[in-house]
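Have a look at the structure below before the remarks.
Derivation of every value follows stated rules applied to the coordinates shown; laboratory data play no part. In this text, all values refer to a predicted model and were calculated from it rather than measured experimentally.
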Amino acid sequence: MERIRNKELECLLDNANELDWSYVIYQEPKKTYDGCYCNERNYVELEKYSPAGEDFSMIIDFDDNPIDSFMENLKEYANDFDIDEHVEMWIPERGKGGCPRSISELLEDAEAIIDMIVELYETLNLKVSKF
């Protein structure tokens, strides 16, 4: 994978910085493995700290129509985010390395994360309509 530049997408994602999201745009080039052809993959990795201090990150793919496909995939990510699954992932780590001890705090944090994702989508969606 390598970092790439996509001015159109960068222009949109600069608005994510205003919401304390950081981002990097990547491309996995086309490769062949044992005669198998793999398609190129373009994606954005977005990161932001949750209220409880989780270094939350998500990967959103995009294609030749970067803005529309990115926005569609971001919306799908928000719709598919499973709060229960997210909390369950952290239960074994409670009280370790800064992870909250309380399941209720983990739940509150997961709910805040989905709110962060929705806020990001809504903010970027408003900007898309101005492109």
Calculated from backbone phi, Karplus (6.51, -1.76, 1.60) coupling profile of region 88-96 in Hz, x at Gly/Pro: 4, 4, 8, 4, x, 9, 3, x, 10
Helix-only [θ]222 nm of the chain, DSSP H runs n ≥ 4, -39500 (n - 2.57) each, per residue, nearest 500: -15000 deg cm²/dmol
C-alpha long axis of helix 103-128 to longest principal axis of the chain, angle in °: 30
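Gain in length, residue 17 to residue 72, computed as 0.36 nm per residue apart minus the alpha-carbon separation, to one decimal in nm?
Extending this stretch completely gives an extra 17.8 nm.
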Cα gyration tensor, the chain - rounded (a/c under 1.5), prolate or oblate: oblate
Among 75, 96, 48: highest mean-square fluctuation, GNM of the chain, C-alpha pairs under 10 Å: 96
On Cα atoms only, tilt of 7-17 relative to the major axis of the chain in degrees: 10
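As a test, work out the antiparallel percent of DSSP beta bridges whose residues both lie in the chain, rounded to the nearest 5.
Beta bridges within the chain, antiparallel portion: roughly 100 percent.
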